[in-house]
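The values are calculated or read from the model by the stated rules, or taken from the named source; none is laboratory data. From a predicted model like this one, the values you see are computed outputs, not experimental measurements. Every residue, glycine among them, receives a Cβ derived from its backbone with ideal geometry; neighbour counts consider all protein chains shown. Accessible surface areas use protein heavy atoms only, side chains included; no ligands, DNA or RNA. Shrake-Rupley method; radii C 1.70, N 1.55, O 1.52, S 1.80 Å.
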Amino acid sequence: YLLDKSDKYDSRDVERLQQDDKWVENYLLWRHDVVDDTLKMIDESFQWRKEYTVNDLTESILPKWLFESGALFLHGYDKEGYKLFWFRVKHHIRDPKQQLEKKKLVAFWLEHYAKRDHGKPLTVVFDMAETGISHIDLDFVRFIVNCFTDYYPNFLTKIVIFEMPWIMNAAFKIVKGWLGPDAISMLKFTNKSDVQEYISGEYLPPHMGGTDSFKYSYPPLVDDDFQTPLCENGPITSEDEHESKEEIDADTKETGELNEEQNLNLKKMNSIEQISKSEETDKTEIKPKNAKKALTTFKGPLLHISPAEELYFGSKETGEKKCLIVLTNVTKNIVAFKVRTTAPEKYRVKPSNSSCEPGTSLDIIVSLHGGFSASLQDRFLIMAAEMDQSSGAGVPELTQFWKEVPRTKVMEHRLRCHVVESSKPSSLTLKDNTFNIPAKTNEDLHMQLTHLLQINIRLQEQIDRCLWFQQLSVVLSLLSVTVVAFCFYLAYTQRS
């Protein structure tokens, strides 16, 4: 494919394909490990990406009126913690002259999210309230469907269709024909009475029966509105006043002193994680003296962050209310960082705005305030940027630094929250300082099974090759013995 069609691909996509195993794995999973189908999908999506200049789509390139229309945007999360991609159909009017630009807007949002959250799946919401014949645009709907079925692998969790008018029933029968059996199972037709089976009321607007006061406007670009960084000790409430600084420091010290038994548990965990869905993140490498091990690691250009994706808090029953984030500076300069959250009233982050020396690691303690519980919709944003050696690392210097640093030089990484119903959290919690395995979802088990089957196929191929070489060796050995015996026979007969 590469040799025959290299001029049809963007070299950046080819380079990423050769380096990003998770991207390849998503293509394979979406095509059920059928290699020919996977190659065809990669070929089609790469040609599409070049045609739409996906890698170069920016907010400044697209017309401003596209964003102002409010037809497409990302906002909120479903009950499983997946980001919601909204298509407000009533704001879309069919116009062939504007079709290409509108399609590029879809590509912009999907690429924007894929780069920001490393391809975590999306839930698409078609809000069809107050729509009619003038809003029916099958070509545009088909394009959105194709984006998920052909261009962005393993990127769709479900399609929630809200209050589809009866006049569009015939149109959606056609849409079902485009989706295929796998995607059809993801269609969820809802109305005001049952939409909250998939999306909680806090992320639904009032006309859908929710309480979300969010009103779309542009600018700025609609995104996760991470709040102002928490102060050094987080917001203090009366419930937390009894928790002294000494107790927090003691927790930190206790966390840093992992004994041999816990290290053994960690090695077991890493071997399990390697077979699971988290294979996209490598096990933490041994860093300088004060570096710590964690279950999974996001390897960024400035910081390695552990855990890589999720902070595991306990439910009200289990009671784990603290987690640890470990940052490791992998540069030769001081790296400034700050932590933001979507729920600053619930969490205390210590420290939330500081710096990390070259080659060292630093612990960030995230704790829940009394009376609050973690939610799947809660997110944390870690921002990092290199500082000059001459710059100070005090509070005034950091404040000034963040005002002046260009956005392009800031590394961002997001963590989501996971609530563990059982007493087996996966990340390092500060309550009992032990490593455990989280309960696996059906999706996790499916991915584990798929991966094990792939390993089994590879092992079978290796065994077949070994047997073939063994048989070949036996044949060659017999031939060698025969030739030697024949030579001895000839020598013997000549002497006779």
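Check off (1) at pLDDT below 90; (2) assigned by the TED database to the domain that holds Ser373; (3) under 22 Å from the mean Cα position of the chain (by Cα) for Pro351 and give me the number that stays unchecked.
Checking Pro351 against (1) at pLDDT below 90; (2) assigned by the TED database to the domain that holds Ser373; (3) under 22 Å from the mean Cα position of the chain (by Cα), the one that fails is (3).
For the range 350-369, how many residues meet the condition of being touching a Ser or Thr at 6+ places or on another chain (Cβ under 7 Å) and not charged (D, E, K, R)?
Within the range 350-369, the subset touching a Ser or Thr at 6+ places or on another chain (Cβ under 7 Å) is 358, 361, 363, 365, 369.
Next, from what is left, pick out any that are not charged (D, E, K, R): 358, 361, 365, 369.
Counting residues in the range 350-369 that are touching a Ser or Thr at 6+ places or on another chain (Cβ under 7 Å) and not charged (D, E, K, R) gives 4.
What helices (runs of 4 or more DSSP H), lying completely within the range 50-159, carry at least 2 residues that are open to solvent by 10 Å² or more (accessible area, probe 1.4 Å) and either closer than 30 Å to Leu39 by Cβ or touching a Ser or Thr at 6+ places or on another chain (Cβ under 6 Å) (or both)?
Those helices (runs of 4 or more DSSP H) span 99-116, 138-146.
To keep it simple, each residue is scored yes or no on (1) under 27 Å from Gly76 (Cα atoms); (2) in a loop (DSSP other than H, G, I, E, B); (3) free of Cβ contacts under 8 Å to residues at least 24 places away in the same chain; (4) touching a Leu at 6+ places or on another chain (Cβ under 7 Å).
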{"residue": "Leu324", "(1), (2), (3), (4)": "yes, no, no, yes"}
{"residue": "Lys332", "(1), (2), (3), (4)": "no, yes, no, no"}
{"residue": "Lys338", "(1), (2), (3), (4)": "yes, no, no, no"}
{"residue": "Glu345", "(1), (2), (3), (4)": "yes, yes, no, no"}
{"residue": "Pro358", "(1), (2), (3), (4)": "no, yes, no, no"}
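Among the numbered criteria (1) touching an Asp or Glu at 6+ places or on another chain (Cβ under 7 Å); (2) part of a strand (DSSP E or B), which one does Thr328 miss?
(1)
Tell me which of these Thr38 doesn't satisfy, since it passes every other one: (1) open to solvent by 20 Å² or more (accessible area, probe 1.4 Å); (2) without any contact (Cβ under 8 Å) to a residue 40 or more places away in the chain; (3) not assigned by the TED database to the domain that holds Glu163.
Thr38 satisfies every listed condition except (1).
How many residues are of a type in the set (A, V, I, L, M) and surrounded by fewer than 14 Cβ atoms within 10 Å (Cβ to Cβ) if we restrict to the range 185-225?
The qualifying residues number 1.
For Gly371, all conditions in the list (1) modelled with pLDDT under 85; (2) not in a loop (DSSP other than H, G, I, E, B) hold save one; what is the number of the exception?
Looking at each condition in turn, Gly371 falls short on (2).
Between Cys356, Cys417, which is of a type outside the set (Val, Ile, Thr), modelled with pLDDT of 85 or more, within 29 Å of Tyr203 (Cα to Cα) and open to solvent by less than 20 Å² (accessible area, probe 1.4 Å)?
Exactly one of Cys356, Cys417 is of a type outside the set (Val, Ile, Thr), modelled with pLDDT of 85 or more, within 29 Å of Tyr203 (Cα to Cα) and open to solvent by less than 20 Å² (accessible area, probe 1.4 Å), namely Cys417.
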